[in-house]
1. Taking the stretch 137-146 on its own, how many of its residues are open to solvent by less than 80 Å² (accessible area, probe 1.4 Å) and not in a strand (DSSP E or B)?
2. Looking only at the stretch 83-114, which residues are closer than 16 Å to Asn61 by Cα and open to solvent by less than 70 Å² (accessible area, probe 1.4 Å)?
Amino acid sequence: MKKTNNPNTSRNNQLSGDERIVNRTNQRRKKNKRKQMITRVVLLVIFLCAGITLALTMFFNISEITVTGDTAYSSEEVIAKSEVNIGDNLIFISKSKINEKISTELPYVDSVKIKRHLPTKLELVITKTEAVYAVAVNGYYVLLNENGKVLEKDLEY
């Protein structure tokens, strides 16, 4: 096996005993400082992640839901159809799902704007739609809005 010439090894051979001890001590200190720095960074990242997780799960829970705007339905009806409950997390609710649920379950709702008022309030702003067309089908009327959304059906003549 061939020996490689390591400049550190040859330099250490030329140093006295005290100088070698000081050199090794300095190298150990550098390694320890690196290990301490890495440990500190890892602990900082862990604490930040834990803090963010706790803040998002323990805080920002809905304590009040309000319904505003002109609507043909009561506030309780709109809140029930949205399937949002007191205590749900304000950050993790899906605006698109709430909008879709309300718009499909309540036909006289044209659009829903969801506003988050941090830290604990949710506001649902409802825009009402009205029947513009009545189409006769097999002896019954079907009411439609200006976009063709079916509002009511099976209304007798």
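The values are calculated or read from the model by the stated rules, or taken from the named source; none is laboratory data. Please read these numbers as outputs of a predicted model, since none were measured by experiment. Calculation scope for accessible area: heavy atoms of the full protein, side chains included, ligands and nucleic acids excluded. Shrake-Rupley method; radii C 1.70, N 1.55, O 1.52, S 1.80 Å.
1. The total comes to 2.
2. Once the filter is applied, which keeps residues that are closer than 16 Å to Asn61 by Cα and open to solvent by less than 70 Å² (accessible area, probe 1.4 Å), the stretch 83-114 yields Val84, Gly87, Asp88, Asn89, Leu90, Ile91, Ile93, Ser94, Ile114.
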